[in-house]
Every structure is written in C-alpha cells, then in structure tokens.
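The values are calculated or read from the model by the stated rules, or taken from the named source; none is laboratory data. Please read these numbers as outputs of a predicted model, since none were measured by experiment. We place every Cβ from the backbone using ideal geometry, glycine too, and count neighbours over all the protein chains shown.
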Amino acid sequence: MSSHTTSPLWDEQGFAAFLRGLAEDDAPRLFAVGLEYGERHDAHVAAYGMAFDGYTEAISRDGTFRVQTTSPEDVLRYFDDESVSAHVVWLSGPSTANLDSAGETSCVK
C-alpha cells in the first residue's frame, strides 16, 4: 500500500473563506411566523423557520410543534385561525430585520 500524501490546496484562512462561501450560498432563508391580533392591535412571534430550496422547516418558539411544508406560506395554515392572522416575517440575520425599498419590515400574509 502506498502512502500518498497531498499538500493542502488552501491555507487555513483561504479554506475558511471557501467553506464560508459554500455555507452562505446554500444557506436557507430565515423567517418568523408572526401572529396578528385584531387589525394591527397586538402581535407576537409564534415560530421560526428555514426556507430551503424545495422545502421549509418551522418550529414553534416553545419547541412543542414542528412542521415541514413546501413553502413558508404553507406554514401559516398551522397558526392562522379566526382569532389571529398569521404572517411570514423574513429575517436577514439574528438582530436585523429585512427592510424593503421603503425601509419597512417585509411581511407576507
């Protein structure tokens, strides 16, 4: 058996950047499920989700409910009822809201 050793193609910093690029290219879009009470009277976040290419995963904030659907909008039916309206709220990062061109937080009902 031959012991064939190859030298790394990247230095540590270059490989870390390459790996970060792969992760960012394939990262799911993050969203929350916001529940609206009344007509913009009150609200709270009921769940968080990840929209992958071809499917979506969501989990309630308390961890007691998980669902897999084809799209984030399909998740809403599990939270929408006569007393609340469910909305998809797109997130751009852990502490920054995704703002549209008017500077408003982007929501989809």
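Laid out as a table, the results:
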{"item": "Subset of the stretch 1-40 that is aliphatic (A, V, I, L, M) and touching a residue at least 12 places away in the same chain (Cβ under 8 Å) - its residue that is surrounded by the most Cβ atoms within 10 Å (Cβ to Cβ)", "result": "Val33"}
{"item": "Flag if Ala16 is within 22 Å of the chain's Cα centre (by Cα) and farther than 30 Å from Asp80 by Cβ", "result": "no"}
{"item": "Matching residues in the stretch 62-109 - criterion: being assigned to a strand (DSSP E or B), among the β-branched types (Val, Ile, Thr) and at pLDDT below 90", "result": "Thr105, Val108"}
{"item": "So Phe31, is it in contact with a Pro (Cβ under 9 Å, 6 or more places away or on another chain) and not β-branched (Val, Ile, Thr)", "result": "yes"}
{"item": "Number of the condition not met by Phe18 [criteria: (1) part of a helix (DSSP H, G or I); (2) aromatic (Phe, Trp, Tyr); (3) modelled with pLDDT of 95 or more]", "result": "(3)"}
{"item": "Yes/no for Ala43 being at negative phi, part of a strand (DSSP E or B), without any contact (Cβ under 8 Å) to a residue 60 or more places away in the chain and crowded, with 17+ Cβ neighbours inside 10 Å", "result": "no"}
